[in-house]
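*Asks:* I have a structure here, written as structure tokens, and I will follow up with some questions on it.
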Amino acid sequence: MTTLLEDTKEKEKFKRLHNVIDAYKDKPGALIPVMNEAQEIFGYLPFEVQKEISEGLNVPLTEVYGIATFYSRFTLHPSGKYRIGVCLGTACYVKGSALILDKIKEKLGIDVNETTPDGKFSIDSTRCLGCCGLSPVMMINNEVYGKLSPDSVDKILEKYK
């Protein structure tokens, strides 16, 4: 199995990452801006990318990983073309968002933090989307869907297939 570093398609991305690291290398507070740019370049932060950032900025790999897993902006897995975020905050949860999430998982055949084999959909659970008055709520990319029921899931997903 080839690693990202050996994949010729990915070499150009790593070249761009090294340019970003070089640009930030001696600046205080460089880690998060470099991670942001790496996320933009790769679409996610796999181990090989985290390792390059760690070595390039001379920060512990555990620090890179800690930030990557703490902030919801970062992901360790490739995302689908359509990122589905289901709110599991209190207002949404009380109004049945767990049932919405279960229906989406069943319909797509994947779990939270997974991507469909065709790369079309990925599912994230979120804590609050700031739309409590519309609960339960989900987002697909930047489109908000509110006042959901499990029955509404099929129709919404059809728009993206």
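The values are calculated or read from the model by the stated rules, or taken from the named source; none is laboratory data. Quick caveat: nothing in here was measured; it's all calculated off a predicted structure. So basically every Cβ, Gly included, is an ideal-geometry build from the backbone, and we count neighbours across all protein chains shown. Keep in mind that these areas ignore ligands, DNA and RNA; they rest on the heavy atoms of the full protein, side chains included. Shrake-Rupley method; radii C 1.70, N 1.55, O 1.52, S 1.80 Å.
*Asks:* Here's a check for you: in segment 23-44, which residue that is open to solvent by 100 Å² or more (accessible area, probe 1.4 Å) and either acidic (Asp, Glu) or outside the structural domain of Val64 (by the TED database) (or both) is nearest to Asn58 (Cα to Cα)?
*Replies:* Looking at residues that are open to solvent by 100 Å² or more (accessible area, probe 1.4 Å) and either acidic (Asp, Glu) or outside the structural domain of Val64 (by the TED database) (or both), I get Asp26.
*Asks:* To continue, here is another question. If I filter segment 45-55 for residues that are open to solvent by less than 70 Å² (accessible area, probe 1.4 Å), among the hydroxyl-bearing types (Ser, Thr, Tyr) and without any contact (Cβ under 8 Å) to a residue 12 or more places away in the chain, do I get at least one hit?
*Replies:* Yes, there is a match, as at least one residue in segment 45-55 is open to solvent by less than 70 Å² (accessible area, probe 1.4 Å), among the hydroxyl-bearing types (Ser, Thr, Tyr) and without any contact (Cβ under 8 Å) to a residue 12 or more places away in the chain.
*Asks:* May I ask you to list the residues in segment 90-121 that are over 16 Å from the mean Cα position of the chain (by Cα) and small (Gly, Ala, Ser)?
*Replies:* Once the filter is applied, which keeps residues that are over 16 Å from the mean Cα position of the chain (by Cα) and small (Gly, Ala, Ser), segment 90-121 yields Ala91, Gly96, Ser97, Ala98, Gly109.
*Asks:* Please go through segment 66-121 and pick out each residue that is more than 30 Å from Lys51 (Cβ to Cβ) and charged (D, E, K, R).
*Replies:* Looking only at segment 66-121, we keep the residues that are more than 30 Å from Lys51 (Cβ to Cβ), and these are 86-109.
Matches in segment 66-121: Lys95, Asp102, Lys103, Lys105, Glu106, Lys107.
*Asks:* Which residue is nearest to Glu37 (Cα to Cα), if the candidates are limited to segment 83-127 and must be modelled with pLDDT of 95 or more and among the basic types (Lys, Arg)?
*Replies:* By that ranking, first place goes to Lys120.
*Asks:* Among what's in segment 83-94 and is farther than 20 Å from Pro117 by Cβ and aliphatic (A, V, I, L, M), pick the residue that is surrounded by the most Cβ atoms within 10 Å (Cβ to Cβ). Steps first, please.
*Replies:* First pass over segment 83-94, keeping only residues farther than 20 Å from Pro117 by Cβ: 85-94.
Filter again for aliphatic (A, V, I, L, M), leaving 86, 88, 91, 94.
On the way: Val86: 27, Leu88: 17, Ala91: 16, Val94: 11.
Residue satisfying both the conditions and the ranking: Val86.
*Asks:* Among residues belonging to segment 68-82 that are surrounded by 18 or more Cβ atoms within 10 Å (Cβ to Cβ) and hydrophobic (A, V, I, L, M, F, W, C), point out the one that is modelled with the lowest pLDDT.
*Replies:* Phe74
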